[in-house]
1. Scan segment 125-155 residue by residue and report those that are of a type in the set (Val, Ile, Thr), within 19 Å of the chain's Cα centre (by Cα) and either more than 19 Å from residue 23 (Cβ to Cβ) or modelled with pLDDT under 95 (or both).
2. Determine the pairs where a residue that is on the phi < 0 side of the Ramachandran plot and aromatic (Phe, Trp, Tyr), located within segment 1-28, has a partner that is assigned to a loop (DSSP other than H, G, I, E, B) and modelled with pLDDT of 95 or more with Cβ atoms under 7 Å apart, the partner being 6 or more residues away or on another chain.
3. Considering only segment 64-79, how many residues are free of Cβ contacts under 8 Å to residues at least 60 places away in the same chain and more than 16 Å from residue 33 (Cα to Cα)?
4. Condition (residue is under 30 Å from residue 43 (Cβ atoms) and either of a type in the set (Gly, Ala, Ser) or surrounded by fewer than 21 Cβ atoms within 10 Å (Cβ to Cβ) (or both)) applied to segment 345-354: is it met by at least one residue?
5. Test residue 310 against the criterion of being surrounded by fewer than 15 Cβ atoms within 10 Å (Cβ to Cβ) and under 15 Å from residue 283 (Cα atoms), and give yes or no.
6. Could you look through segment 359-389, keep only residues that are part of a loop (DSSP other than H, G, I, E, B) and not aromatic (Phe, Trp, Tyr), and pick out the one that is surrounded by the most Cβ atoms within 10 Å (Cβ to Cβ)?
7. Quick check on my filter: what residues within segment 9-60 are touching a Phe, Trp or Tyr at 6+ places or on another chain (Cβ under 6 Å) and surrounded by fewer than 21 Cβ atoms within 10 Å (Cβ to Cβ)?
8. Find the residue count for segment 152-174, including only residues that are closer than 16 Å to residue 410 by Cα and either acidic (Asp, Glu) or assigned to a loop (DSSP other than H, G, I, E, B) (or both).
Amino acid sequence: MSNSADYAKLLETGRPPNIKELFPHSHALIVSGKVIDRALMAKGGAMTMAANGRNYFIIRGALQAAQRANSAIIIEIARSEGGANAYCAVNYWNMARIVDNLCNEMEITIPVAIHADHYGIKQEGDLAMAKVEIPSIFDAGITSIAVDASHMPDDKNLLANLELNSCIPDWAGLETEVGEIKGAQGLSTVDDASFLIKGLDAHGICADWIALNNGTTHGIEASGQGIQVELTGQIHKALAPYGTSGAQHGTSGNSSERLRSISKETATTKANVATALQMVSWGLDVNDYGNALLDETGSFRKVKGEGVTEEMWEQMLACADANGWKGGAFKQLNVLFETKLLGQAADIRARMSKRVEDFVYNMLVNVFSAEDSADFAKDILLKAGSYDLGAKAERIEDPAEWTKEQIIAKAAELDTDKGPDGDFDD
């Protein structure tokens with residue numbers, strides 16, 4: 001389709017203004033996150049991967065897999081991973097450029113959204129900087145954002161989302177979050193999720209996705225508790241009139257069977273995968289859904305002849321040991337080793353990307369049912385004739401009932417167990 005008149009039209013009308021300005025001669029179909037969400041909704045019973053691009057090889061492999069599967073895809077990075085205090089070389093300000101360059105190099109023609117995941121607001125004092133920084137990341141090619149103020153109480157979470165909305169283009173994909181990611185404790189409820197979505201709706205804001213604490217964790221899942229499918233479905237059903245889809249965080253470590261259930265039995269269209277892709281790219285031994293396997297000493301198992309060279313892995317282990325990093329803390333190696341990984345021989349670089357490609361392809365096709373969702377996205381854009389798909393639902397709530405004072409009062413009436421502090425970073 002890349003040489004067709006339809007594809008030329010998609011490039012002309014389907015790319016948001018920031019992307020057209022940054023890459024006027026590009027043949028990469030970088031689109032709003034709204035487009036990806038609508039495509040997976042249209043296909044039904046499917047979600048696509050939001051691949052955390054912690055390194056260059058992950059992004060390259062994920063794009064190759066999506067093209068192979070003819071799947072729409074999201075490339076993302078969280079604020080902790082790629083913000084001002086990043087532990088990854090890929091960041092909010094260079095991610096779109098990396099994606100665009102790779103799409104043109106590899107003739108990738110599937111629709112791709114560039115998502116700023118977990119734009120964390122941990123306290124009200126963070127809002128002033130956010131009002132400056134959020135426009136800057138859209139200037140750099142972000143096409144979708146997750147405003148994550150879930151660390152704060154319900155009223156402050158909603159008020160932060162309302163205050164920052166003017167910094168986000170109307171055409172952009174929008175994700176919000178309720179309930180920090182903390183496993184089986186402090187699970188999200190219909191009430192607290194509805195409070196957030198209804199409050200946004202009253203102010204004319206239709207969130208494309210909501211992320212919940214539905215029983216999962218970030219990083220390496222060891223408990224076996226995993227995602228609570230029934231709870232997720234109940235919350236999504238309650239939010240259906242407001243046009244809100246689900247964003248599933250913390251997929252690493254959840255079985256393929258459970259992830260298939262999330263895809264088929266809930267309104268989830270976006271599934272974040274981060275730690276698994278990092279481990280796969282490095283060449284660590286993982287199970288079928290990306291959880292890194294350990295040897296008898298509790299250390300990660302490196303597969304000989306896959307991922308980075310054995311010599312590079314020894315350097316990475318030595319660095320982690322010197323810094324006292326274990327388990328999930330290995331993520332800190334990303335920014336320290338990016339240029340070293342890029343400096344490996346061509347065949348090593350190729351096998352790193354290929355391993356990611358094969359893993360992502362299997363997830364897209366055999367777990368998420370995302371294959372051929374690219375066609376749905378392209379059809380939606382062609383029919384709309386615009387990069388801006390608008391809101392999925394009309395306003396239901398009365399804004400007069402959702403003033404700041406009423407928001408605070410309504411939040412005080414919520415009976416929710418927040419549990420201990422969770423993992424709201426990535």
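The values are calculated or read from the model by the stated rules, or taken from the named source; none is laboratory data. Predicted, not measured: the structure shown is a model, and the values here were computed from it. Because the Cβ atoms are built from the backbone with ideal geometry, glycine has one as well, and the counts that use them run over all protein chains shown.
1. Hits for segment 125-155 are 134, 145, 147.
2. 7/109
3. Here the count works out to 1.
4. Yes: segment 345-354 contains one or more residues that are under 30 Å from residue 43 (Cβ atoms) and either of a type in the set (Gly, Ala, Ser) or surrounded by fewer than 21 Cβ atoms within 10 Å (Cβ to Cβ) (or both).
5. Numbers: surrounded by fewer than 15 Cβ atoms within 10 Å (Cβ to Cβ): yes; under 15 Å from residue 283 (Cα atoms): yes.
Judged against the criteria, residue 310 is a match.
6. 370
7. Correct list: 42 only.
8. Count: 4.
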